[in-house]
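One structure is given below, encoded as C-alpha cells.
The values are calculated or read from the model by the stated rules, or taken from the named source; none is laboratory data. The model shown is predicted, which means the values in this text are computed figures rather than measured ones. All Cβ positions, even for glycine, are placed from backbone atoms using ideal geometry, and neighbour counts span all protein chains on display.
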C-alpha cells in the first residue's frame, strides 16, 4: 500500500478499515462471537485503535495468527467452542460485506455444509504457459471470482484443516481445503462492491463507496443521511 500503516488500520473516512468490516458482523443477529486474528505484535494496537474505541461487544478475543493465512484461520478456529454450529471466515479488509450476503451464505452452509461468496467474472480469462503464451481460454460463463465470507459447518472445516496439516497441503482459501476432502462447496452470489482493499487504488474506490454503503446499510444517523 506504500504506507507504514498496515491495511486493516488505514482509514476510510474517519474509521479504520477493520472497524468498518466489524460493524457489519457486530450488527448481524446471526453472530454470537467474533474472533479477530492479527499479527502477534498488533494485538494491543488492534484493541486500542479498533475494538475498544468502537465498542465491539461481540468480539470475544483478539489473537495471534500464524505464518500463513491458513495457519491464522486454524488459530482462530481452535478458539471457537465445541458447540458452535457454523464458522464464518472473512477478510478484515473487505469492509463492504452486507448482512444480506452473510445471511445467504450461512443459510447455504446449513444446507450444504460449505458455502463461499463469489461473483461471476467480467473479463475473459486466459491460461498462460511458462513462457507467457496463451495455452487455453476457459469458458467465462463457468468462472467465478471468490470472495469472503466463506462459511462452513464447524466439524467440516476442522476436519479439512487437520487433513491439510497431515498431507502438507497449503491453499489460498478454506474452500480449497474442504474440496480436498470431497465436499461440494456451494457458491453464493456476492457483490462487486465487496472488494478486498489491497492496493492504493482500492482505497480510492473504498472512499467513493463509503457514504452510500453506510446509508444503505443503516450505519448513518438521520442527520448524517441528509448531508
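In the list 97, 87, which residue meets the criterion of being in contact (Cβ under 8 Å) with a residue 24 or more places away in the chain, in a strand (DSSP E or B) and closer than 15 Å to residue 149 by Cβ?
The conditions single out 87.
Given the residues 88, 101, which is the only one that is within 23 Å of residue 198 (Cβ to Cβ) and in contact with a helix residue (DSSP H, G or I) (Cβ under 9 Å, 6 or more places away or on another chain)?
88
Collect the residues in the stretch 31-45 that are assigned to a helix (DSSP H, G or I) and surrounded by 12 or more Cβ atoms within 10 Å (Cβ to Cβ), keeping them in residue-number order.
If the condition is that a residue be assigned to a helix (DSSP H, G or I) and surrounded by 12 or more Cβ atoms within 10 Å (Cβ to Cβ), then 42, 43, 45 are the ones that fit.
Return the residue satisfying two criteria in turn: it lies in the stretch 184-227 and is farther than 19 Å from residue 101 by Cα and in contact with a helix residue (DSSP H, G or I) (Cβ under 6 Å, 6 or more places away or on another chain), and of such residues it is modelled with the lowest pLDDT.
This residue is 225.
Does residue 70 meet the test of being crowded, with 19+ Cβ neighbours inside 10 Å and either at positive phi or assigned to a helix (DSSP H, G or I) (or both)?
Yes.
Conditions: (1) under 19 Å from residue 191 (Cβ atoms); (2) over 17 Å from the mean Cα position of the chain (by Cα). Residue 45 meets all but one. Number of the miss?
(1)
Any idea which residue in the stretch 1-21 is surrounded by the fewest Cβ atoms within 10 Å (Cβ to Cβ), counting only those that are free of Cβ contacts under 8 Å to residues at least 60 places away in the same chain and not in a loop (DSSP other than H, G, I, E, B)?
Per the criteria, the residue is 11.
Find the helices (runs of 4 or more DSSP H) located wholly in the stretch 148-227 whose residues include 3 or more that are over 17 Å from residue 105 (Cβ atoms) and in contact (Cβ under 8 Å) with a residue 12 or more places away in the chain, and list them.
The helices (runs of 4 or more DSSP H) meeting that bar are 154-167, 200-216.
Can residue 26 be described as surrounded by fewer than 20 Cβ atoms within 10 Å (Cβ to Cβ) and over 26 Å from residue 154 (Cα atoms)?
In short, no.
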